[in-house]
Each structure stands twice: as structure tokens, then as C-alpha cells.
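Comments concern the structure below.
Here, each number is a calculation from the coordinates, and none is a lab measurement. Model, not experiment: these values are computed from the prediction. Here the Cβ positions follow ideal geometry from the backbone for every residue, glycine too, while neighbour counts run over all protein chains shown.
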Amino acid sequence: RKEVEQDPGPFNVPEGATVAFNCTYSNSASQSFFWYRQDCRKEPKLLMSVYSSGNEDGRFTAQLNRASQYISLLIRDSKLSDSATYLCVVSTGTGRRALTFGSGTRLQVQP
Amino acid sequence: GAGVSQSPSNKVTEKGKDVELRCDPISGHTALYWYRQSLGQGLEFLIYFQGNSAPDKSGLPSDRFSAERTGGSVSTLTIQRTQQEDSAVYLCARGTGGGGSYNEQFFGPGTRLTVL
């Protein structure tokens, strides 16, 4: 079983739609949670950190459920420029501070 | 940018040759990471530096892979006797590091390595 699992998609949505991505992680010792965005043939870029209380950044809302080991990302009012692969990422924090990446969910926003 | 530069951006080599990949983060970031992303694969961790020491090398796939960091800044990843399965994008990231549980990482543009 992979440490971080995501639906690979693709999600094809029209502009203006709301889309939600889900992710589950297996290591209960995970302490840090993130969503990264990766455009084709580019490096991953941090979209947002995910906090226990949930957090919002403009059109993006992230939620964390530690009991279910589940992370979500909601994108409202999708733009063409949101087309990318969204990577769910966790870290155990102290000690082994490496990030563990999901395989990503591909989003294609269509005009 | 993310405050991390990498060189070369592309490297094509022949099987069996040694290669060196360089990462240069902006100053003041003691935490540095190497990852690689193979075609169609997710990112996999290779090694973590805190200052000049590497407390976690658990991701290095074989003893052909090594890395060092000098002056708490530039890091070099060396792959000896390259194999075709080493072909991947090698990514370096700087960490916000320090104490606490959140360790946001910011990636450089990567080096695309092709082993013929």
C-alpha cells in the first residue's frame, strides 16, 4: 500500500466549476501536510500547507481529518490556469523530515 | 523563484559514466533535500542535509549514489557508473527547517538526466 494515495484523475471540469480532491495517508505519525501543484515538466510548487483546523487561501480550501487520515483540497471558481497536477504531500516532521508525495491528481479546466 | 538554482538543467550521458549534479540554495537555509522523479512516477526522497551533515540518507537507491554539502550551502549529488534506470529529473529543495513540525520545502527547477 502506498503511503499517500490519490485518485489520479484526470478531472475534466468547465471553467467556474468547483472541484474537490481527496487524499489518504497511512502513517499515523505524519505531522505536516501540504498540497503542491506541478505543471507539466516543471518543479512542484507549494500551493498551501494544511492545518488541523482547516485553512483557506482565496479560492482554495484545505481540510485535514487526522482521525481518518484524510486530506482534501477544494478549488472554487476554477480557472484555465488551475490546470495542473495536484500533489498531496505529508511529512513525519521531526527526525525524518523528508516529504512523501502522492502520485498526484491531474486537473484539466476547459473553456 | 524558489531561491534554489540547479545545474545543469539537462544532462545526457552514456551508461557507465559518472555525473555530478549541483544545487545552490539562497543563503540562510540549513535544510536541503534531494528528490528524484522518474517518468510517470511520483517524487521519491533521496537524502536530507542539515547544515553539512546528512542525518537521513535512507532514500539513496544504491552505493553508486552519494551527496555532499559544503559551507552549509552548495550541494552536489554524484552518481557513479550511471545506469539507464537512473534517468529521471533530480530535484533539490530548500527547507524552512528549524524546529516545529512544519517543514515547508521549496524546489529548484531540477536537472533532467538521461542515460543512454
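Above 18 angstrom, tally the Cα pairs of chain A and express them as a % of all pairs, no decimals. Beyond 18 Å sits 45 percent of the P(r) for chain A. Amide H contacts of A:LEU47 (H built 1.01 Å from N, in plane; Pro and chain starts excluded): A:TRP35, A:TYR36, A:ARG37 sit under 5 Å, all sequence-distant by 5 or more or on other chains. Taking θ as phi - 60° and the Karplus parameters 6.51, -1.76 and 1.60, the scalar couplings of region B:9-22 work out to 6, 9, 9, 10, 9, 9, 3, x, 7, 9, 10, 10, 10, 10 Hz in sequence order, x denoting glycine and proline. Taking other Cβ atoms within 10 Å as a rough exposure proxy, A:LEU46, B:LEU116, B:LEU39, B:LEU46 sort from fewest to most as B:LEU39, B:LEU116, A:LEU46, B:LEU46. Simple point charges give the picture: +1 on the Cβ of Lys and Arg, -1 on the Cβ of Asp and Glu, and for chain B a dipole about the Cα centre of about 160 debye. Rounded to the nearest whole angstrom, the semi-axes of the ellipsoid equivalent to chain B, taken from the Cα gyration tensor as √(5λ), stand at 23, 14, 13, largest first.
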